[in-house]
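Shown next, in structure tokens, is the structure this report addresses.
A short reminder: the numbers here are calculations on the coordinates, not readings from a lab. Since we're looking at a predicted model, the values are computed, not measured. Here Cβ is always computed from backbone atoms with ideal geometry, including for glycine, and neighbour counts include all displayed protein chains.
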Amino acid sequence: MLRKEAAARRQPWSDTARGYALNVPALLAILLLVAYPIGYSFWVSLHRDNLAQPALRRFIWFDNYLGLFSDQAFLRSLWVSALFVVLVVTVTVLLGLSMALVLNETFMGRGVLRSLVLLPWAMPGVVNGLMWRTVFDAKTGALNGLLLQLGLIDSYQAWLTSTTGAFVFTAMAQVWNTLPFVVIVLLAGLSTIPGELYAAATVDRAGVFQRFREVTLPWLMHPLLIVLILETMNAFRAFDTIYVLTGGGPGDTTTTVALLTVQRVLTFTDVGLGSAYAWVITLITLVISVGYVSLLYRRGSFEV
Amino acid sequence: MTTTIPLKYRIPWKKIVVYIAAVLFALYLVLPFYWIVAMSFMHEVDAISLPPQWIPQDPTVENYASFVNPEGLQALVGSRAVEETPYALGNSMIVATLTALLNLVLGVFAAYSFSRIRFRGSQALMMLYLLTRMVPGIAIIIPFYLVMRELDLLDTYLALILSYTTFALPVTIWVLKDFFRAVPRELEDAARVDRCGWFRTMWTVVLPISAPGLVAAAVFSFMTAWNEFMFALFLTSTTASKTMPVIAANFATDLNTQFTVMAASGVLAVLPPLVLVLIFQRLIVQGMAAGSVKG
Amino acid sequence: MTPTRTQISRRTLLGAAAALPLLAACGNRGGSGGTGTVRFEGWDYEPPLVEENIGNFSKLHPEIKVQYTPITSAQYRQKVVAEFTGKNGPDALYVYDDSLGTWVQSGYLQPIDGLPGVDEVYNGIYDANAKAMTFQGKRYGLPYYTDCMGLIYNAEILEKAGISAPPKSLDELEQQSLKVKDAGLMPYPLAFAAQLQDTWQSWIWALVYSSGGQLFSDDMKPVMNGADPVAGQAFEWLHRASNQSKIVDPASLQLTPVPLDNAMKAGQYAFNFGARYALRDYNDPARSQQAGKLKLAPIPSLDGTLKGTVGTTRMYCLAADTDVKDQAMTLLNYLGGYTDGQPATARYWFLKRGLGFTFKDLAQDKEITEALAKFVDPTIYAQLAEVAKARNVVHAPWYAEFEASLQKTTQQVLTNQSTAPAAMTALADSANALAKKYS
């Protein structure tokens, strides 16, 4: 034992040294490019710092953060974001799961559908917003045309100008854009389930739903949690699509915290408070991730 | 289960449900995109006609032609976007491709270390990578701009490639590490018996087997770079580096060019990555199956 | 096809290592510094015409190189702020009167008092414009253009509905709109560009100013919820027009100015509130199906008498840290001042696109008056100019933030999420909170 350790020590590269050496390129890239901006933005968030008022710039400890508790616009946007995340994540996961289940069956045209499912992934958020704008358009939109021809509405509607309409349709546009990732991950999860399990369940005369609950779902827990983490983060930071589709309106119905942060920093040049907003987003993302991770831990299968 | 109908006469409910669902899903995925494709081949009058023309009655390619020859367009604002589209398309391709490659090069070594070497602090290091991803882009955009200005890289490909690499790298490492871990150790041991160094082992044994994972990771970083808007907006200013999302935002906010031209530019913005995912469709799903899912 | 510029030199790499911690502090200018080129930026209104005009400048001053970059209007302010923050700003640039105060206080711009040509220009322009370009007693800009708001109506549509004269009061506007609606000509005769945007929503201010109202007192205290009831009454009308009589197109919330222009030119609306210069485009047969039918009137007021309207001034400014001050000033004088005794660029823009001029002499210029008469009634055009006022709070540091909450509140009134009195209270609260925050 002792001799072995000595031998290891005599090697020119210990495992730890080798491990870090292999990480040098990636670490250099991350540290050089991101560490400084991240540190800087936290430092700025401790300042009163509006670019328009350089004379009033000063260090104020955590006042920006404390002020958030009475910042109505911020609290309201957090609420909008929370609703948005719940709606988008729920619909994405349910829709994605059912698509993955269908795609896991064998049927004619499965290959085609598996390719089609990737289509929305190829669409930049800004273009996604533009596309849905032409679909939801009040005057010439495809949705209006379709519903009218199907006899479901009597006249063209301005879908994005009612409060619920704007919120729900914006969420749906977001869902369409982020669906592929969910389907791929869940489909991948489904494909790892051994066929024998289903055969056994069928022999036991288990119904479709019973089989889903007892065989499929347990195997899907891990991919589902990955999807939940990443989709929650995504929906929480959704910006491009909303920016193009509604700009945050009507009123502040679709003003999410991400949108508000961008406006605070870039339009109002209030980098101090804006950075504080961004750090609250970071903190919430972190808490959500830790929540999911501890769920995974309890399932005994986790290692980052 | 008291039915007396013999098995072979049972209505194949499951098949029916699967086919109906498949058709509905296909429509859901395709129809919105089909609409802008159809519009991109219409004259402006037809695009805004009521009821909508689901199939262009008088198809035209003049919208696509206008990108090459924008003189024919009447535009007060936004005409710039039309002229800049071909350049932006090229820029996006270059930036996204190079980002994907740089990511793989940087990510492979780090991922290999996490999958094969037990070293002190490896968990903490992985967490550190993932942590950098949790800070929203807007928090770092101003300092990042300052860094790029100081390096004299504003309005160059490199500025975009570097920023997108930092976005995609943590996830790349995360995904790749699981792939490498899935490679049976015996194969590597065999290579080692043949006195291959770790680099040759990785190069000749681990990487080829992990091809689906590499593709999945590359596509992921390609998409990250292709889709990103805000950093592109600030780091670029001319056709030397403007990317498609920046141009698309021009169309959205300063729309004076026609709906149809905007639709055509949207189609162009989607086409290259779409071709990419279609080519690699099988590998992507396979890649995800072997990799991230097993955690 | 794509020009490549991925040069990474050794200097750059060394710089990367050395400079990181010092970034915020040091500020040598990138870009043109020292090469003598004037970097000139503007929002992207008609970039080809700007380029043509700069081409003319280069013929007069071949020794001065100008590098012109048009920037998307919707992101103009953010982009310029980012550039100045990165010490990478232009030497000369377009500035909205909305941004002047903020940008001066941020240290981006320098005063031009006493520089060649400036006094002549300020003597030759209207007082309102001179005032708009002056901040804390110093002059910062040479004029690009000025304009003010009016009611634009489609005379043919009104005629079809049996209406012979444009409305004078807001109630009349409502009744005429209902007539147009009832005649089956269109479901919503009136539209506004009410989508949230970073630039001002001129029509909201016009609605208040044309009835003689104010949102703020001259010492920038909110009056809309107390001392001055006019704004509240105007919003009351807006609430009724959009939620009871339903003459305002609900799609307004998705409209930005340019698509609204397109809809007017296509004859889709009978009325909108627009800037005077829009009529040059609206009545150009090459660009508009409705050419010749679109006319200008004062914006209807609560009691039907002409009380005012709102105007704006866009200007050219000089960056504070420019290395090529003399060259940039020569360019500025060409664009915003006199060339051979003539305000050449101002005349160019008017003749080409109808952009309003700030130079008093041009009002008597024969070529100008003839061109004007082709697209608008000169009497009303001049009448509006006389009563136009600038927003009295544009120079406040919190203006941009107030404008954002004004736009949101207006959307809430349009969609019946808020009543007019509640909207006025919300605006006053917002203004008070902002004043405190920025003090």
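How do the peptides C:166-172, A:205-211, A:118-124 rank, highest first, by the average count of neighbouring beta carbon atoms within 10 Å per residue? Please list the in-between numbers first.
Details: C:166-172: 19.0, A:205-211: 11.6, A:118-124: 24.6.
Put in order of decreasing packing, that is A:118-124, C:166-172, A:205-211.
Greater than 26 Å separation of Cα atoms is the criterion. Which listed pairs, C:LYS160/C:LYS374; C:LYS246/C:LYS408; C:LYS59/C:LYS389; C:LYS131/C:LYS293; C:LYS408/C:LYS437, meet it?
On the way: C:LYS160/C:LYS374 24 Å; C:LYS246/C:LYS408 20 Å; C:LYS59/C:LYS389 38 Å; C:LYS131/C:LYS293 35 Å; C:LYS408/C:LYS437 19 Å.
Exceeds cut-off: C:LYS59/C:LYS389; C:LYS131/C:LYS293.
Would you mind giving the mean number of other chain beta-carbons within 10 Å of the Cβ of each residue in A:45-54, as a whole number?
Details: counts 1, 0, 0, 1, 0, 8, 11, 16, 7, 3.
Other-chain Cβ atoms within 10 Å of each residue's Cβ, averaged: 5.
Counting each pair of different Cα atoms once, what's the Kirkwood radius of chain C in Å, rounded to one decimal?
Working: mean 1/r = 0.0430 Å⁻¹.
In chain C this quantity evaluates to 23.2 Å.
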Worksheet item: When the convex hull of the Cα atoms of the stretch A:69-299 is projected onto a plane and the area is averaged over all directions, what value comes out in nm²?
Response: 16.1 nm²
Practice prompt. Could you work out how far the C-alpha centroid of the stretch C:204-230 sits from that of the stretch A:103-117, in angstrom?
Written response: 62 Å
Worksheet entry | Binned Cα-Cα distances of the stretch B:31-175, short to long, each 5 Å bin given as a whole percent | 2, 8, 12, 12, 12, 12, 10, 10, 9, 7, 4, 3, 1, 0
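Normalized C-alpha radius of gyration of the stretch C:220-347, against 2.2 N^0.38 Å? Each step should come with its number before you reach the end.
Numbers: Rg = 20.6 Å, N = 128, 2.2 N^0.38 = 13.9 Å.
Compared with the compact-globule rule of thumb, the stretch C:220-347 sits at 1.48.
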Item to complete: Mind pulling the per residue volume of the convex hull built on the Cα atoms of the stretch C:347-439? Å³ is fine.
Response: 157 Å³
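Quick check: convex hull over the Cα atoms of the stretch A:75-134, volume per residue in Å³, rounded to an integer?
Numbers: hull volume 6.0 nm³, N = 60.
Measuring per residue, one finds 100 Å³ for the Cα hull of the stretch A:75-134.
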Practice prompt. Show the residues, 5+ positions off or on another chain, whose built amide H is closer than 5 Å to the amide H of C:GLN67.
Written response: C:VAL38, C:ARG39, C:PHE40
Worksheet item: Using 7 Å Cα-to-Cβ label points, what is the A:ARG48/B:ILE20 separation (nm, one decimal)?
Response: 6.5 nm
Worksheet item: Taking Cα centroids, how far is the stretch A:255-295 from the stretch C:122-153 in Å?
Response: 40 Å
Worksheet item: Among C:VAL118, C:VAL324, C:VAL258, which one moves the most in a GNM of chain C with springs linking Cα atoms closer than 10 Å?
Response: C:VAL258
Item to complete: Count, for each residue of B:223-234, the Cβ atoms from other chains sitting within 10 Å of its Cβ, then give me the mean as a whole number.
Response: 5
Worksheet item: Considering only B:LEU106, B:THR201, B:ALA139, whose Cα is most displaced toward the positive end of the charge dipole of the stretch B:76-293, charges sitting on Cβ of Lys, Arg (+1) and Asp, Glu (-1)?
Response: B:THR201
Item to complete: Could you pull the Cα extents of the stretch B:107-229 along its three principal axes, largest to smallest, in whole Å?
Response: 52, 28, 23
Worksheet entry | Reach of B:LYS15 by Cα under 12 Å, taken over aspartates and glutamates that are not fewer than 8 positions away in the same chain | A:GLU105
Worksheet entry | Extent along principal axes [Cα atoms of the stretch B:7-71; Å; largest to smallest] | 69, 26, 15
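If I stretch the segment between A:GLU196 and A:MET108 completely, what's the gain in nm (0.36 nm per residue apart, minus their alpha carbon distance), one decimal?
Values: separation 88, 0.36 × 88 = 31.68 nm, distance 2.35 nm.
Extra length from A:GLU196 to A:MET108 when fully extended: 29.3 nm.
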Response to the item:
Per-residue ellipticity at 222 nm attributable to helices in the protein assembly as shown (runs of n ≥ 4 DSSP H, -39500 (n - 2.57) apiece, nearest 500 deg cm²/dmol) works out to -18000 deg cm²/dmol
Worksheet, complete the sentence: Looks like chain B, by Cα gyration tensor root eigenvalues a ≥ b ≥ c and the a/c under 1.5 rounded cutoff (else prolate when a/b is bigger than b/c, oblate otherwise), is oblate
Worksheet item: Using alpha-carbon positions, what is the distance between the centroids of the stretch C:31-100 and the stretch C:312-342, in Å?
Response: 11 Å
Response to the item:
Counting only residues 5 or more apart in sequence or on a different chain, those whose built amide H sits under 5 Å from that of C:ALA388 are C:THR309
Practice prompt. Sorted from largest down, give the three principal axis spans of the alpha carbons of the protein assembly as shown, whole angstrom values.
Written response: 100, 78, 54
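Quick check on the stretch C:222-287: what does the Kirkwood estimate of hydrodynamic radius come out to from the alpha carbon pairs, in Å? Walk me through the intermediate numbers first.
On the way: mean 1/r = 0.0711 Å⁻¹.
Answer for the stretch C:222-287: a Kirkwood hydrodynamic radius of 14.1 Å.
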Item to complete: Show which aspartates and glutamates lie in cross-link reach of C:LYS221 when reach means a straight Cα distance below 12 angstrom and same-chain residues fewer than eight apart are skipped.
Response: C:ASP429
